[in-house]
Amino acid sequence: MTLRTHIENMVSAITLNQKIDIKNFASKASGVEYNPENFPGVVFRVREPKLAMLIFSSGKVICTGARDKKDIETALEKLRKKLNEAGIRLRGKPKVEIQNIVASSDLELKINLDLLATECVNTEYEPEQFPGLVFRLEQPKTVMLIFRSGKIIITGAKNTSDIKKAAEETKKMVLEYKAIF
């Protein structure tokens, strides 16, 4: 049976292929935040889907909070309208690149983290510092936070198939080492 995974956050880098006068943008567009003393870019918070876009003068945009690619496309369309509101027209199709996907899953097993920490390579476990075990996978290149409850957080993936593979590999490793209560 395949493990169910749930995407919590998808971070993407968007290239607009042109520079943005962010002072002008912030002064003419409603609902954006610009405080250059605290942050060098403009923050555009989208309500639906709930996410944030950090817009820099270089034309680079960081989009965080998306749950899927459709959310990013919707947010990009809202950004295009917001830029138009300030008289800024995009000259081409923006390039979107997924940088990191954070997902959760449940192995539905109680995990013996002490056993995993001593027997398995690519793990870090310091329960005085953090209650989860850190497990690094080479293929797909991801990092899992594994908790005694069987819940896991998967980070570092660039696509959804890597999320599923990482969850499956983590469960396989736990079973292989018989690290269950």
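The values are calculated or read from the model by the stated rules, or taken from the named source; none is laboratory data. Values in this document were obtained by computation on a predicted structure and should not be read as measured data. Neighbour counts are summed over all protein chains in view; Cβ atoms, including those assigned to glycine, are modelled from backbone coordinates with ideal geometry.
List of remarks:
- Just one of the listed residues (GLU37, GLU33, GLU48) is assigned to a loop (DSSP other than H, G, I, E, B), more than 19 Å from the chain's Cα centre (by Cα) and not hydrophobic (A, V, I, L, M, F, W, C), and it is GLU37.
- Some residue of the stretch 17-26 being out of contact with any Phe, Trp or Tyr (no Cβ under 7 Å at 6 or more places or on another chain) and assigned to a strand (DSSP E or B): no
- Remark: SER57 matches the filter, which requires a residue to be touching a Lys or Arg at 6+ places or on another chain (Cβ under 8 Å) and either modelled with pLDDT of 95 or more or surrounded by 15 or more Cβ atoms within 10 Å (Cβ to Cβ) (or both).
- Residue within the stretch 96-108 that is without any contact (Cβ under 8 Å) to a residue 24 or more places away in the chain and under 25 Å from the mean Cα position of the chain (by Cα) present: no
- Checking each residue in the stretch 1-33 for being surrounded by 18 or more Cβ atoms within 10 Å (Cβ to Cβ) and not β-branched (Val, Ile, Thr) picks out MET10, SER12, LEU16, PHE25, ALA26, ALA29.
- Entry remark, the stretch 69-88: residues being β-branched (Val, Ile, Thr) and either surrounded by fewer than 16 Cβ atoms within 10 Å (Cβ to Cβ) or assigned to a helix (DSSP H, G or I) (or both) number 2 in total.
Residue-by-condition table, conditions (1) under 30 Å from LYS70 (Cβ atoms); (2) out of contact with any helix residue (DSSP H, G or I) (no Cβ under 8 Å at 6 or more places or on another chain):
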site	(1), (2)
LEU137	yes, no
MET144	yes, no
ILE153	yes, yes
ASN159	yes, yes
LYS165	yes, yes
LYS171	yes, yes
TYR177	no, no
ILE180	no, no
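- Only a single item in (1) farther than 30 Å from GLU48 by Cα; (2) assigned by TED's automatic domain parsing to the domain that holds LYS60 is not met by GLU126, and it is number (2).
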